[in-house]
Structures are given as structure tokens and as C-alpha cells.
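The values are calculated or read from the model by the stated rules, or taken from the named source; none is laboratory data. Just so you know, these numbers come straight off a predicted model, no measurement behind them. In this analysis, Cβ positions are derived from the backbone assuming ideal geometry, glycine residues included, and neighbour counts consider all displayed protein chains.
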Amino acid sequence: MSAHVVVLTGAGVSADSGLATFRDAGGLWEGHAIEDVATPEGWRRDPALVWRFYQLRRAALAEVQPNAAHQALAQLERRLLAAGHGFTLVTQNVDDLHERAGSRRLLHMHGTLARLACEACGATLEDREHTDPATFLACAGCGHAPLRPDVVWFGEMPRFLDEIFAATSAATHFVAAGTSGVVYPAAGLLALAREAGARTFVNALVAPENLEARDRFLPGPAAQVLPALLRELERELPPPAA
Ligand code: OAD
């Protein structure tokens, strides 16, 4: 029988790389109210502020490196797939540390800072280069300006939901790491996995909102906890069907 491991990551997994989480800073995100910088209304009200905010975060990607948690997840993916098991990594993070660590089966449900999007024609492009906070960029296709970061803001639809719900409903093992469990629909995946009969594991510094007694809670920094947990999971998995 083969296993299907689904891992959901949040800001805590990148905290050990030096990126700030959202709620550990008291509801402020790098000094801003989340609704000022992470909503379509905020963008319409003050595009210069929002662009500057994301450009600084896009520039910061070049200053940080994947940590042991990102590396362990990429390694687990390679090993499980090679052994004939299923693996899906779902991230709420908009940084690119999972892909830089080598993860390939990765669903960025809240989008990514590594891409920009045109609100007029819908085009998106990969861009890690143009990070000047004072310079708006125009769409090469239709000329519309300004381009926006290709991230999901509050009030917008998270991505890959059908795929994410299908994978979670089929999970034999579900790990939620570094997420406070308050932003839905991501926060509902743990319950969905439980209902599907998966064994559930939760890592965070403090117990998240959606933790229940039947989840195995592993407190501590993801860069320490995840490599050990993932090694343990890999050892426990059944051999795949011949
Ligand atoms: P939060 O900032 O809400 O939660 C971070 C979680 O990580 C908390 O549970 C901390 O205990 C935990 N944590 C902090 N440092 C850690 C570490 N070193 N190792 C392990 N855990 C650690 O971040 P998210 O849950 O990811 O959405 O936030 C969810 C969404 O809210 C984000 O994707 C974003 C935000 O608004 C959008 O932008 C749409």
C-alpha cells in the first residue's frame, strides 16, 4: 500500500531563514497593518506604499537562504516519489525558499513574490531582478502599469484549491508546519485530513488555533523539528505496492 504525505507550510518555516512571520509581530507585518498592504483595497488606495512594501520583500529574497526545514521537505519529496509514494507540498508562503531548496511538487496557494502580474491582460512573468521600491513596472504585453506582485491578497481566491482539497482528502499523513491556523481555507486542511483518516502532525512554536488532541504536536523551530519528523515518517512508511 502506498502512502500520500501532504505538508502545509506557513511563515514559521521561513522564520529560521530570517523572514518575519505575520502574527508573531502582533498583527503588524513589518510595521504595517495587514489590510493596508495585503488587500486589493489597500493597493487601490495607495499603490506606491504597497509596491514599496512588496519590492522590499522581493529584494529581501536575495538575502535569505533555504533552511534545514526546506531542505528536508525537498529531500522527502525526492525519496517518497522514488519509492512510489505520493507527496504534495502546499505552502502559504510567498517566498521562493521551497523551490530554491529543490521542491518540485509545490503548490503556492497564496502566490509568489518571484512573479509579477498584469491586472489588465492577466499575464504573469517571473521577475527577481527589478526590485527598486520607487519604480513601477509596466506590462510588456499590453503596456498596462503598474504591474502588481503575483500574490493572493485578503478578499482574493487562494490558488489550486481543487488540487489541494483532493490531495488532503487522500492523505495518509498530513503535516502542518509553521502556521498559526487562523487563515482559511488553509487552516481548514488539518480538519479535512483528520476526517479523511490521516495521521496528523503539527509543528509551531506555540500551539496553533486549530490544534486538536489527536494531532501530534511538535513544538519548536521548524529547522530543527521538521528534519527529525520527516526522517521518522520516511522510516515508518509502508513499502509501496509491487
Ligand atoms: P503566522 O504569522 O500567522 O503564524 C506563524 C506560525 O509559525 C505561528 O504558529 C508560530 O508559532 C510559528 N512559528 C514562528 N516561528 C517558528 C519557527 N521558527 N518554527 C516553527 N514555527 C514557527 O503565519 P501563517 O500561518 O503562515 O496570507 O499566516 C497565514 C497567512 O496569513 C499568510 O499566508 C498570509 C497571512 O496574512 C496572505 O497573505 C493571504
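Taking the options 64, 50, 90, name whichever one is within 13 Å of the ligand (Cβ to nearest atom) and more than 20 Å from residue 160 (Cα to Cα).
Residue meeting the stated conditions: 50.
If you take the residues of the stretch 143-167 that are closer than 30 Å to residue 197 by Cβ and without any contact (Cβ under 8 Å) to a residue 24 or more places away in the chain, which of them is farthest from the ligand (Cβ to nearest atom)?
Among those that are closer than 30 Å to residue 197 by Cβ and without any contact (Cβ under 8 Å) to a residue 24 or more places away in the chain, it is 166.
Would you pick out the residues in the stretch 186-201 that are under 28 Å from residue 37 (Cβ atoms) and touching a strand residue (DSSP E or B) at 6+ places or on another chain (Cβ under 6 Å)?
Those that are under 28 Å from residue 37 (Cβ atoms) and touching a strand residue (DSSP E or B) at 6+ places or on another chain (Cβ under 6 Å): 189, 190.
Just a yes or no: is a residue in the stretch 199-217 small (Gly, Ala, Ser), within 21 Å of residue 70 (Cβ to Cβ), in contact with a helix residue (DSSP H, G or I) (Cβ under 9 Å, 6 or more places away or on another chain) and in contact (Cβ under 8 Å) with a residue 60 or more places away in the chain?
yes
Restricting attention to the stretch 30-62, which residues are among the polar types (S, T, N, Q) and either in contact with a Ser or Thr (Cβ under 7 Å, 6 or more places away or on another chain) or in a helix (DSSP H, G or I) (or both)?
If the condition is that a residue be among the polar types (S, T, N, Q) and either in contact with a Ser or Thr (Cβ under 7 Å, 6 or more places away or on another chain) or in a helix (DSSP H, G or I) (or both), then 55 is the only one that fits.
Please determine whether any residue of the stretch 34-57 is modelled with pLDDT of 95 or more and small (Gly, Ala, Ser).
yes
Taking the residues in the stretch 11-61 that are more than 28 Å from residue 118 (Cβ to Cβ) and in contact with a strand residue (DSSP E or B) (Cβ under 7 Å, 6 or more places away or on another chain) as candidates, determine which candidate is surrounded by the most Cβ atoms within 10 Å (Cβ to Cβ).
The residue in question is 13.
Scanning for something over 24 Å from residue 181 (Cβ atoms), modelled with pLDDT of 95 or more and not polar (S, T, N, Q), does the stretch 103-111 turn up at least one residue?
Yes, the stretch 103-111 contains at least one residue that is over 24 Å from residue 181 (Cβ atoms), modelled with pLDDT of 95 or more and not polar (S, T, N, Q).
How many residues are buried (at least 16 other Cβ atoms within 10 Å of the Cβ) and farther than 16 Å from residue 38 by Cβ if we restrict to the stretch 125-166?
7
For the stretch 1-29, give me the residue count where each residue is assigned to a loop (DSSP other than H, G, I, E, B), away from the ligand (no atom under 13 Å from the Cβ) and not small (Gly, Ala, Ser).
Summing the residues that are assigned to a loop (DSSP other than H, G, I, E, B), away from the ligand (no atom under 13 Å from the Cβ) and not small (Gly, Ala, Ser) in the stretch 1-29 gives 1.
In the set 120, 140, 69, which member is away from the ligand (no atom under 16 Å from the Cβ) and either free of Cβ contacts under 8 Å to residues at least 24 places away in the same chain or closer than 21 Å to residue 9 by Cα (or both)?
140
From 186, 170, which residue is among the small types (Gly, Ala, Ser), within 15 Å of the chain's Cα centre (by Cα) and closer than 16 Å to residue 107 by Cβ?
186
Of the residues 225, 183, only one is within 16 Å of the ligand (Cβ to nearest atom) and farther than 26 Å from residue 37 by Cα; which?
225
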